Amino acid sequence: MHLLSLVCRNYRQFAEAQLEFVDGITGIIGNNGAGKSTLIEAIAFALYGPLAARTIKENIKRESASKKDDVQVTLCWETRGSNFEVVRTLKGERLSPTVEFKVNGVLQAHSAKGVQTAIEHTVGLDWQAFYASFFARQKELNALSELQSSARKELIVRMLRIDSVDKAIDRVKEDVKEQRMRRDLLAQKLVDLPALEQLLKGKISELE
């Protein structure tokens, strides 16, 4: 996943911010409170919605913005030769959420559920895995270690995409189980063949 650009309007402290990501390493430098972390959070918001912003919608909108102003974040990136764009908006005073997801300029999804599924498939991470691997605030660096072992295992499995391998293994196990059941049934039938032959011979003798 290679980020291309990020555009924010009325997101947190930014009336408008636009970033172009060049090839190589990008550094974001600024004083405390300048909004460095906010820009990274905006990426998470674009990908995963208000839940990833980890605050209520009312706190996402810039304080000095008018009630009618929209909050909007547009993120563009490239993966395996295809260009992706997600535009996430909180509209007007009610902050009604809308979202669009495009691949190579063609609209692919515009419902929250549809976009979420497409994003997680494309990026390979849900919002929890994103924050545990790609980005974490300083005070949250131990977030992964503080999870219960079962939750930590589940998260790491999703991050490494091992869950798809586990599902394939489960399907193979089910197939093996089914084939063994069929084998056992056939074996039972084979065992009963001598008795069946004896019965048929007896019936033939009675007819003779």
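In segment 37-56, what count of residues is obtained for those that are on the phi < 0 side of the Ramachandran plot and either open to solvent by 60 Å² or more (accessible area, probe 1.4 Å) or small (Gly, Ala, Ser) (or both)? Step through it out loud before you land on a result.
Going through segment 37-56, the residues on the phi < 0 side of the Ramachandran plot turn out to be 37-48, 50-53, 55-56.
With either open to solvent by 60 Å² or more (accessible area, probe 1.4 Å) or small (Gly, Ala, Ser) (or both) added as a condition, the list becomes 37, 42, 44, 46, 51-53, 56.
Residues flagged as on the phi < 0 side of the Ramachandran plot and either open to solvent by 60 Å² or more (accessible area, probe 1.4 Å) or small (Gly, Ala, Ser) (or both) within segment 37-56 amount to 8.
Working only within segment 1-27, note down all residues that are free of Cβ contacts under 8 Å to residues at least 24 places away in the same chain, surrounded by 12 or more Cβ atoms within 10 Å (Cβ to Cβ) and assigned to a loop (DSSP other than H, G, I, E, B).
The one that is free of Cβ contacts under 8 Å to residues at least 24 places away in the same chain, surrounded by 12 or more Cβ atoms within 10 Å (Cβ to Cβ) and assigned to a loop (DSSP other than H, G, I, E, B): Phe21.
Return only the number of the condition from (1) modelled with pLDDT under 90; (2) open to solvent by less than 60 Å² (accessible area, probe 1.4 Å); (3) at negative phi that Asn31 does not satisfy.
Result: Asn31 fails condition (2) only.
Please state which one of Thr55, Thr38, Thr74 is at pLDDT 95 or above and either part of a loop (DSSP other than H, G, I, E, B) or under 19 Å from Val7 (Cβ atoms) (or both). Give the derivation first.
Details: Thr55 fails: at pLDDT 95 or above; Thr38 fails: at pLDDT 95 or above.
Unique residue meeting the criteria: Thr74.
State whether one or more residues within segment 67-77 are surrounded by 15 or more Cβ atoms within 10 Å (Cβ to Cβ), over 18 Å from Phe130 (Cβ atoms) and among the basic types (Lys, Arg).
No, segment 67-77 has no match at all.
Please give the number of the condition Pro97 fails out of (1) open to solvent by less than 50 Å² (accessible area, probe 1.4 Å); (2) modelled with pLDDT of 75 or more; (3) in contact with a Ser or Thr (Cβ under 9 Å, 6 or more places away or on another chain).
Failed condition: (1).
The values are calculated or read from the model by the stated rules, or taken from the named source; none is laboratory data. Please read all numbers here as calculations on a predicted model, not as lab measurements. Glycine also receives a Cβ, built like all others from the backbone with ideal geometry; neighbour counts cover every protein chain displayed. Side chains included, ligands, DNA and RNA excluded: accessible areas come from the protein's heavy atoms. Shrake-Rupley method; radii C 1.70, N 1.55, O 1.52, S 1.80 Å.
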